[in-house]
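> Here's a structure for you.
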Amino acid sequence: MRSSMHWAVIAVACVSILLQSGCVAGQQLKYVEQFSKQPWQVFPGGRFKATTNSSMSATSMAGALFELKPGGVRELHWHNAAEWAIVLRGTCRATVLDEGKTHPTDTWDYTASDVWYFPPNLPHSVVGLAPSGCLVMASYKSPDTNELKALSASGWLATLNVDTAALALGVPAGNAKRMLDKSRAQGRSQFIAQGPVQQLASQQPSLPVKRTTAVHRFSLTKNKYPVGPDGSYVNKADVATFPAATKMSGAILRLAPGGMRTLHWHPAADEWQYVINGTVEVGVFTAPGESITATIGPGDVGFAPVGSGHYVRNIGKDPAYLVLVFNNGVFTSIDVSNFLGAVPPSWLAAGLGISSDEARSINYKLAGLPGRPVQKKPEAAKKAGRKL
């Protein structure tokens, strides 16, 4: 296992390159997308849009927005990628079939800030509830996942002949033919169909919605962690708090005006970013001479590859809120400021090309993380046994 000093030396080198390289290179990189300007695809029960590796340099993850009207049904479907989604507005009901688990069918009502996680290829369906339906942001652990290409019950049945469909559904051939004809006539409109309007289970107690602990549901209003002294914080969920989410984790990040999620990287996960509201500056550093800086706003997305240095800074006048999703169930993060605190000031000065006094002036406790206290006098460091 590599020592913390080894990583600290790497951190010095990374910061040095970042400060020297600027953000003019990396023109071929596209780690942000103005997703807010992408047109919606409209269906009877709602609308949908997706972003994949065909439109940005996201090598391992994809994303989507779907808005369901009250009674709008995202039909029963499944896909090869795990799905981590958060309700941004309104209410909905989701059902997933998880064969062989404690709750083979897990059905629950979701409200704003609730999250679901569905493992690959488990069939699931979502319906918008009264009074306003819902807006959901979904992220997938695959760069080319697009729900429009997901396998679905209607899509499969449409490929069957009448006799096979009759056997599969357990109905007479005549009934099967009528059902197939109706389904085929609907075509892609069944992607988000319009069904009867339903209420929240709390307002309609007779509904057979599970009252046990939800397996695939988690509320991101829990687990609040400060990320700065200015009121910035993060609400996160990983496998430790949301056991069903074994392959993905996520968070809501709040940045106060002028607040910043400081320079950091994730050693074991890519990061998918979605701006709920506010205006932020994002920076991604991937290699010497390869870094980008961009400004994104509500509805836009960003991506930071595993191990890449990155940050998010609120440059607006109001608090900014972002959804962050990671393609690993275990959340880990390394802050540059934290590791620089483990390096003797003389090393830091040499690595960054600055004076020792300037190295000592750096705040090593950014984002509330523990680090070395600033030592203004060399004598203090000598008494503590540190070599300069």
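Please treat every number below as a calculation from the coordinates, not as lab data. All values derive from a computational prediction rather than experimental measurement. Here the Cβ is made from the backbone with ideal geometry for all residues, glycine too, and neighbour counts use every protein chain on show.
> Run the numbers for Ala112 and Val42: contour at 0.36 nm per residue of separation, minus the present Cα-Cα distance, in nm.
22.9 nm
> Along region 230-244, what does the Karplus equation 6.51 cos²θ - 1.76 cosθ + 1.60 (θ = phi - 60°) give for ³J(HN,Hα), rounded to whole Hz, x for Gly and Pro?
Taking θ as phi minus 60°, the curve returns 9, x, 6, 7, 9, 9, 10, 9, 10, 5, 5, 9, 10, x, 5 Hz for region 230-244.
> Computed FRET efficiency, Cβ-Cβ of Asp318 and Lys224, R0 22 Å: what is it to the nearest 0.05?
Working from the Cβ atoms, E equals 0.65.
> For labels at Lys182 and Thr59 in the simple 7 Å Cα→Cβ model, what's the distance in nm?
In this crude label model, Lys182 to Thr59 measures out at 5.0 nm.
> Related question: Just to check I understand the Karplus step: with θ = phi - 60° and J = 6.51 cos²θ - 1.76 cosθ + 1.60, what whole-Hz values come out for region 161-171, glycine and proline as x?
Going residue by residue, I get 7, 4, 5, 5, 5, 4, 5, 5, 8, x, 10 Hz, with x marking Gly and Pro.
> Quick one: if you stick a label point 7 Å off each Cα along the C-beta vector at Asp144 and Thr332, how many nm between them?
2.9 nm
> Dividing the alpha-carbon Rg of region 37-203 by 2.2 N^0.38 Å yields what?
Region 37-203 yields a ratio of 1.07.
> Further question: Can you work out ³J(HN,Hα) from phi for every residue in region 119-124, in order, using Karplus 6.51 cos²θ - 1.76 cosθ + 1.60 and θ = phi - 60°, giving whole Hz and x for Gly and Pro?
x, x, 6, 8, x, 8
> Right, something else. Taking H as built 1.01 Å from N, whose amide H comes closer than 5 Å to the amide H of Gly72, not counting residues under 5 places away?
Sorted by chain and number, the residues that satisfy this are Gly128, Gly195.
> Also, quick follow-up: How far is it, in nm, from the label point at Thr241 to the one at Asn175 when both lie 7 Å from their Cα along the line to the Cβ?
It is 4.8 nm.
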